[in-house]
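For reference, the structure discussed in these notes is given below.
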Amino acid sequence: MIPTALTIAGSDSGGAAGLQADLRTFLTCGVHGLVAVTAVTVQNTLGVHDRADLPPHIVAGQIEAVAADMGVGAAKTGMLASAEIIHAVAAACDAAGIGRDEEIPFVVDPVAASMHGHPLFDEAGLHAVRDESCRGPPCSRRTSTRSACSPA
């Protein structure tokens, strides 16, 4: 059986970041990539020009659907877009056992800004990441775009 990994991230129309980059990495590692799309960006090499966030119940539903059918061997986050999506992701991951007792490794890498400095969530999103990191499903690693991975 081919191992699976779930990316919970935004879509980059330029293809260089977001879930597109995660799927390429998964493929290179011989892992079948699963996706829960959080947002769609209007993006190119010059920057992020616009974006549309998906409804939180749709994001959570994607996680629930793939976890129930295909199973999740590992998971990671990327662009989480809003406080509402962050809370929905935390609840769906907890319900699916993602990150619990490190049986399903879970990397929380909430992308707060694009490489050009365009904010990808607001102050409420930052607080939600902090809140859910403290009380939500345990994660194997938390990362920051400014520092290396540190143990959870």
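The values are calculated or read from the model by the stated rules, or taken from the named source; none is laboratory data. In this text, all values refer to a predicted model and were calculated from it rather than measured experimentally. Every residue, glycine among them, receives a Cβ derived from its backbone with ideal geometry; neighbour counts consider all protein chains shown.
Being over 20 Å from VAL129 (Cα atoms) and among the hydrophobic types (A, V, I, L, M, F, W, C) is the filter here, so list the residues in segment 64-102 that pass it. Of everything in segment 64-102, those that are over 20 Å from VAL129 (Cα atoms) and among the hydrophobic types (A, V, I, L, M, F, W, C) turn out to be ALA65, VAL66, ALA67, ALA68, MET70, VAL72. Against the conditions (1) touching a residue at least 12 places away in the same chain (Cβ under 8 Å); (2) of a type outside the set (Val, Ile, Thr); (3) farther than 27 Å from HIS118 by Cβ, LEU19 satisfies every one except (3). Number of residues in segment 22-56 that are among the polar types (S, T, N, Q) and part of a strand (DSSP E or B): the value is 4. Which of the residues belonging to segment 90-138 are modelled with pLDDT of 70 or more, over 27 Å from ARG51 (Cα atoms) and either touching a strand residue (DSSP E or B) at 6+ places or on another chain (Cβ under 8 Å) or not in a helix (DSSP H, G or I) (or both)? Result: GLY97, ILE98, GLY99, GLU103, ILE104, PRO105.
Scan segment 62-92 for residues that are in contact with a Phe, Trp or Tyr (Cβ under 7 Å, 6 or more places away or on another chain) and closer than 13 Å to LEU34 by Cβ and jot them down. Residue satisfying the conditions is ALA75 alone.
Collect the residues in segment 22-52 that are buried (at least 21 other Cβ atoms within 10 Å of the Cβ) and under 15 Å from HIS118 (Cα atoms), keeping them in residue-number order. The answer is ALA39, THR41, GLN43, VAL48. Listed by first and then second residue, the pairs linking a residue in segment 80-99 that is over 11 Å from VAL59 (Cβ atoms) to a residue that is modelled with pLDDT of 90 or more and of a type in the set (A, V, I, L, M), with Cβ atoms under 6 Å apart and 6 or more places separating them unless they lie on different chains, are ALA96/ALA67; ILE98/VAL72; ILE98/ALA75.
Residue by residue through segment 60-76, note down the ones that are among the aliphatic types (A, V, I, L, M) and either assigned to a helix (DSSP H, G or I) or more than 17 Å from PHE26 (Cα to Cα) (or both). First the steps, then the outcome.
Filtering segment 60-76 for residues among the aliphatic types (A, V, I, L, M) gives 60, 63, 65-68, 70, 72, 74-75.
Answer for segment 60-76, where residues must be among the aliphatic types (A, V, I, L, M) and either assigned to a helix (DSSP H, G or I) or more than 17 Å from PHE26 (Cα to Cα) (or both): ALA60, ILE63, ALA65, VAL66, ALA67, ALA68.
Please determine whether any residue of segment 118-127 is more than 16 Å from SER11 (Cα to Cα) and among the charged types (D, E, K, R). Yes, that holds for at least one residue.
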